[in-house]
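Each reported figure results from applying straightforward, stated rules to the coordinates on display, with no laboratory input. Being a predicted model, the structure only gives us computed values, none of them experimental. Here the Cβ is made from the backbone with ideal geometry for all residues, glycine too, and neighbour counts use every protein chain on show.
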Amino acid sequence: MTTRVGVVTFPGSLDDRDAQRAVRLAGAEPVALWHRDKDLHQVDAVVLPGGFSYGDYLRCGAISRFSPVMETVIEQAKLGMPVLGICNGFQVLCESHLLPGALTRNDSLHFVCRDQKLRIENAGTAWTRDYSAGQEIVVPLKNGEGRFVADEHVLDELEAEGRVVARYLDVNPNGSYRDIAGITNAAGNVVGLMPHPEHAVEPLTGPTVEGLGFFTSVLKQLVNA
Amino acid sequence: MSLDTVKNAEQTPDVAQPWAELGLKEDEYARIREILGRRPTGAELAMYSVMWSEHCSYKSSKVHLKQFGDKKPDSDAMLVGIGENAGVVDVGQGYAVTFKVESHNHPSYIEPYQGAATGIGGIVRDILAMGARPVAVMDPLRFGAADHPDTRRVLPGIVAGIGGYGNCLGLPNIGGEVVFDSCYQGNPLVNALCVGVMKHEDIHLAQASGAGNKVILYGARTGGDGIGGVSVLASETFDDTKPTKRPAVQVGDPFQEKLLIECTLEIFREKLVKGIQDLGGAGLSCATSELASAGSGGMRVELDTVPLRDTTLSPEEILMSESQERMCAIVEPDKVDRFLEICEKWDVIATVIGEVTDGERLEIFWHGELVVDVPPRTVAHEGPTYQRPYARPSWQDALQADAPTGERLARPTTGEGLKADLLKVAGSPNQASKSWITDQYDRYVLGNTVLSVGEDSGMIRIDEETNLGVSVATDGNGRYAKLDPYTGAQLALAEAYRNVAAGGAKPLAVSDCLNFGSPEDPDVMWQFAEATRGLADACLVLGTPVTGGNVSLYNQTGEVAIHPTPVVAVLGVIDDVTRRTPIAFTEEGQLLYLLGDTADELGGSAWSQVVHDHLGGLPPKVDLERERLLGDILIAASRDGMIDAAHDLSDGGLGQALVESCLKGGRGARIIVPEGMDPFVLLFSESAGRAVVAVPRSEELRFNDMCTARGLPATRIGVVDGESLDVQGQFTVSLAELKDAHTGVIEALLA
């Protein structure tokens, strides 16, 4: 049976179709999930895509976090379902308290879109198993509020537990504390990532195809589970 | 104030009315009275004033714009022409593409962020209203001198506005232009282009037909913003002595627009609308009168049902408001419920505000009282037409006589001198890297962007199975057009055409945004007449019809007009986007060929501007047959894999093109100045009809044979090699030095 990966569309989600494409190219079946629908339609994993859900008014992700679909996503994430939040999705995961910390305005105060070098720090999560620890990849990054912040002790804890999934290399594009580009929960099934691996899945349209690993990783995770 | 009803207007013919304050001329007011056989009501006056504004009625320009129809080339590709929200072009495989470029110049000067943001919003709704999914945007921009303090106020706001709105809509920004020139100091140009894709059967038109069909207004609530935007703002020159016009600028909500896009596309999929129109300039006045005018009958609207942000708005204000993110649809009664259901799904407010009637009048009621009763055509399509006087400016001959000859402007004669000028040009604000700007735009969203930043054209894949794609380039050199508006407009088209072909796509159609000064100045009107004549003539030769666009006049502060700036967008189609040709030199050892003829043509050039701050002489000559031949060769070479890189030569000439292609690919080049050629002319001339290409050695014979057989001059000028640009016998400059000169320039000026 094909693995089913749900991609949630909130009002203002933008990269939902891109995430679906990445899921498809990785060999899984993308399933469109609607923010008002609590039902996850038997998916095996969920992607919360990038965008400006609810216009990023109030605070990024603050309104989406209360949508009906998120009730189920939060419940299932706690039971171990793999969940990947990209950009706005990462913000939703932080607002949902599935991940610690918060994403704030870039230190440059500008939206930034660039091809970003990353180092995969933790290749043991549900979404990074196809990488090796220390591997360097380049994927697009595009955000206005991508600066990861957290208390010192939270940061220390993330570092100590190996929960920093990816770190910015060469340039820190938004002022994230400790160059953090992505983190995971303690169980390793929930990952939040500011850069956009779904835009690096085809040589024609991406700077590389090094983003595909996030989507193939979850397939392996599910097949082996 | 009591309500000014039609009945009241009939009974009080002599009431003084504020027609002048609303931007109407005395004879125009008299004509309205003549059409109606009475004085207009306040609401009618409001409608006529916005719809008869220069911006909406094209009253000064339409006698010239007619040429785009009269001289239209035969083209099988045109599906919908001028007059609709945007033109539609057949690109094959059942797909149709719609695109249009429009100005939002005046609002962006007053309030840079919102002006530019709503410029994007407006053009995106035009594309959406044709039935298409918007898939990309582009922005041709013009600013005052890069080091002028006001540029620091205007530019960051405009860029943030374009990014803020476009990024939030999820539309990739795939290109555009940024040009600095002191002539735009008081009048920056913010043009916005959008491309949309649909299947042929999904094309929608702006017309209200079928008595009993409902008029549905949906999207944002109507507020007091943008009142008089098209009339008192966009159709007059700026004047320091008058109060600021900021309330006339609209305020955008991109989130609302994103919902509007998805909601509208779902409505299209279920085939629920008979006619549709977006609300932009002139708001509800425009939408109701244009829909009714283009349809078969009349229309009746209950204005008090319009959802408001501010309940104190008067009927006049509601009709004039340019609140953003609104659309108006004509829907058959049995489909209204489903229409409203889809709007509810997307949290979009939708209200039935009226219906199509079998009469011939547009009737608008306010709480049961008739406040507008007009023949809609007189509002929408039968506005005034002016034959503005025009004459060749007295200074034109002297300007053209001041040619940049070797005697007039000192030219570098040594290798070191050439190198210094090359670096100066590459590091000038106009030729320097624009990454500080383009990095604020999302170019990746939707995952179909094949070419974008720094390329000759922006290219989008439109079918993931077949790899069908389209590309767009916009160009317009105001310096050339100032020297000779006829040739300048043709050069704008030639460059955009060449840019599209250089990427490997076949040019199909044109959209134009004509930015000029005041039409009341005969000098400006001559520039306009010449530019439109030149463009229409050139479109006929190149076989690329004008599908639509817009005219922006009154771009002047006081007596000083901007350079005439016709911005031309060319749309092309490519059957297989994997065959596209980027500009980057990436493979060591590939051979560099210069295609076309290089003459001593420095008039209006980047070199003359950067090194001597000079503008005079004649722009480069145009040979449209040569442009077409060059285009054919570039397309064939791309399709058959004969070239790996191509870069058009335009501002800055070959020197600048080499700098860009080397830096983009991270590879150097060794250049040999051809026998008998002046190295200065080779590097800095801006002769049109040229490109530089990188040919793999295995393809050299085949490529040469093709050029020879077709009669296109192709000169081998060097090879991709090393880590520097080495012009043999003249100078060598390392990529690091080039990069240093070319990047960080804009940041340094704006920080």
Anisotropy class of region B:358-415 from Cα gyration tensor, a/c 1.5 cut: prolate
Dipole of chain B, positive direction: furthest Cα of B:581, B:509, B:744, with charges on the beta-carbon: B:581
Cα-centred dipole magnitude for region B:582-751, charges only on beta-carbon of K, R (+1) and D, E (-1), debye, nearest 20: 280
Relative contact order computed over region B:251-406 (Cα-Cα under 8 Å; 6+ residues apart), in percent: 33
In a Gaussian network model over chain A where Cα atoms closer than 10 Å are linked, find which of A:152, A:198, A:29 has the largest mean-square fluctuation. A:152
Relative contact order [Cα under 8 Å, 6+ residues apart], region B:342-432, whole percent: 11
Charge dipole of the protein assembly as shown built from unit charges on the beta carbon (Lys, Arg +1; Asp, Glu -1), centred at mean Cα; most positive-end Cα among B:13, B:531, B:306 is B:306
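Counting helices only, and only those DSSP H runs with n ≥ 4, report the 222 nm mean residue ellipticity of the protein assembly as shown as the sum of -39,500 (n - 2.57) divided by its residues, in deg cm²/dmol to the nearest 500.
Counting only the DSSP helices, I get -9500 deg cm²/dmol.
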Which distance in nm do the two modelled labels at residue B:586 and residue A:36 give, with both placed 7 Å along the Cα-to-Cβ direction? 4.5
Dipole in debye (nearest 20) - the protein assembly as shown, about Cα centre, beta carbon charges: Lys, Arg +1; Asp, Glu -1: 700
With a 10 Å Cβ neighbour count serving as the proxy for reagent exposure, in which order, fewest first, do A:199, B:200 appear? B:200, A:199
Once R0 is set to 51 Å, what does the formula 1/(1 + (r/R0)^6) return for the Cβ-Cβ distance between residue A:78 and residue B:748, expressed as a FRET efficiency to the nearest 0.05? 0.50
If you build a Gaussian network model of chain A, linking Cα atoms that sit under 10 Å apart, which residue out of A:158, A:33, A:48 swings the most? A:158
Mind pulling the angle between the C-alpha long axis of helix B:254-269 and the longest principal axis of chain B? Nearest 10 degrees, somewhere in 0 to 90. 80
Which residues in region B:569-584 place their backbone N less than 15 Å from a point set 7 Å from the Cα of residue B:639 along the Cα-to-Cβ direction? B:572-581
Given an 8 Å cut-off on Cα distances and at least 6 residues of separation, report the relative contact order of chain B as a percent. 15
Please enumerate, by chain and number, the aspartates and glutamates with C-alpha under 17 Å from the C-alpha of residue A:78, excluding those fewer than 8 residues away in the same chain. A:39, A:44, A:95
Cα gyration tensor shape for chain A, rounded if a/c is under 1.5, else prolate or oblate: rounded
Connecting C-alpha atoms closer than 10 Å in a GNM of chain A, tell me which of A:113, A:87, A:60 has the biggest fluctuation. A:113
Against the longest principal axis of chain B, how steep is helix B:485-502, in degrees 0 to 90 to the nearest 10, with axes from Cα atoms? 70
Options B:193, B:336, B:315, ranked by Cα towards positive dipole end of the protein assembly as shown, top entry (Cβ charges): B:336
Find, among the GluC sites (Glu not before Pro) in region B:10-90, those assigned to loop by DSSP (not H, G, I, E, B) with at most 15 other beta-carbon atoms within 10 angstrom. B:21
Would you mind checking the tilt of helix B:149-169 against the longest principal axis of the Cα atoms of chain B, expressed as 0 to 90 degrees and rounded to 10? 70
Nearest-0.05 FRET efficiency for residue B:74 and residue B:675, computed from C-beta distance (R0 60 Å): 0.90
Would you work out the charge dipole size for chain B about its Cα centre, treating the Cβ of every Lys and Arg as +1 and the Cβ of every Asp and Glu as -1, and quote it to the nearest 20 debye? 360
Would you calculate the separation in nanometres between label points at residue B:153 and residue A:186, each defined as 7 Å from the Cα along the Cα-to-beta-carbon direction? 5.6
